[in-house]
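Here the structure comes first, spelled out in structure tokens, and everything after it is commentary.
Just so you know, all these numbers are worked out from the coordinates, no wet-lab data involved. What you are looking at is a predicted structure, and each value in this text was computed from that prediction instead of being measured. Every residue, glycine as well, gets a Cβ built from its backbone with ideal geometry; the counts of neighbours run over all protein chains shown.
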Amino acid sequence: MSTLTIRYLGGPSAILEMGGVRLVVDPTFDPPGDYPVGSRKLTKTAEPVLGPDDVGPVDAVLLSHDQHPDNLDAGGRAYLAGVPLTLTTEAAAGRLGGTARALPTWEHAELPRPDGGTLRVTGVPAQHGPDGTEHLTGPVTGFVLSGDGLPTTYVSGDNASLDVVRAIAGRSGPFDVAVLFAGGAQTPLLGDAHLTLTSEGAAEAAGILGAAHVVPLHFEGWAHFSEGRDTVAPAFEKAGLGDRLHLLGVGESVAL
């Protein structure tokens, strides 16, 4: 089986390479500071590890959504203008234009591989908060990556629902790798409700997915995360899944 290499760039951002195809997840490049979301703001607390010019050539961007600056900031928006393809929600594709393409739930995009095969990218559901809050948080998508000789990989996007995870596992699982957005994000918009998986929820999701390897994203670098690096490993150890967890430092890579 081909190797999947993941480089964690901080926040939700990562570079994925598999089967000779190079992908960027939720590009963010802006410096620390306050970023408006309507009448509210999100506070970034960490410097970016790379600038857009340091990423190198990519085949596509996997963009979970565009409406929140912790998933697509000003630097990320500018970066999209130079990539050949951005796969995202229908709403985001309509707003972004350019090379952004909607990838509806359970539909596929085929990316050519240097060996003559293809990498299939499937849009999968994501729920950015509790049931019934999509009108407040907006649409989000996740992705499943698959292909002959490639590790089947789930990229969750900003999903908070384990029922959504169960639906994806039932249709596309089991998975070799799960890239899970965690951090238990909270904002005044929904009070104490979580907009992404908590550490405990990420561990439960890993078990549901049957994932042999788990790489968390979106758990540090912003003030609205209610949990972080110090809670992820204990949650996986408690669930008996500590050997599956790859908790990367910012800028670090893992080959799976």
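Across the stretch 71-85, rounded Karplus estimates of 3J(HN,Hα) from the backbone phi angles (6.51 cos²θ - 1.76 cosθ + 1.60, θ = phi - 60°) give 10, 8, 9, 4, x, x, 4, 5, 4, 4, 5, x, 9, x, 7 Hz, Gly and Pro being marked x.
Helical runs (DSSP H, four residues minimum) scored at -39500 (n - 2.57) apiece and divided by the length of the chain put the mean residue ellipticity at 222 nm at -5500 deg cm²/dmol.
Measuring between their Cα centroids, the stretch 46-103 and the stretch 207-256 lie 23 Å from each other. Ranked by how many other Cβ atoms sit within 10 Å of their own Cβ, fewest first, the residues 227, 110, 90 fall in the order 110, 90, 227. Amide H contacts of residue 22 (H built 1.01 Å from N, in plane; Pro and chain starts excluded): 59, 60 sit under 5 Å, all sequence-distant by 5 or more or on other chains. Site pair residue 45 and residue 238 shows an inter-label distance of 2.0 nm when each label is modelled 7 Å from Cα along Cα→Cβ.
Derived scalar couplings between HN and Hα for the stretch 29-35 equal 9, 6, x, x, x, 8, 10 Hz in order, rounded to whole Hz, by the Karplus curve 6.51 cos²θ - 1.76 cosθ + 1.60 (θ = phi - 60°), x for Gly and Pro.
In terms of surrounding Cβ atoms within a 10 Å radius of their Cβ, 146, 199, 226 rank from fewest to most as 226, 146, 199. Put in line by how crowded their Cβ is, counting other Cβ atoms within 10 Å and starting with the fewest, 8, 35, 154 read 35, 8, 154. Close amide H partners of residue 217, meaning residues 5 or more places away or on another chain with modelled amide H under 5 Å apart, are 180, 181, 182.
Close amide H pairs (under 5 Å, H built 1.01 Å from N) link residue 211 with 175, residues at least 5 positions away or on another chain.
Suppose a student asked you for the relative contact order of the chain, using Cα pairs under 8 Å spaced at least 6 residues apart; what percent would you report? Numbers along the way, then the final one.
Working: 638 pairs, mean separation 47.8, N = 256.
Normalised by residue count, the contact order of the chain is 19 percent.
Taking θ as phi - 60° and the Karplus parameters 6.51, -1.76 and 1.60, the scalar couplings of the stretch 120-134 work out to 8, 10, 10, x, 10, x, 8, 10, 8, x, x, 3, x, 10, 4 Hz in sequence order, x denoting glycine and proline.
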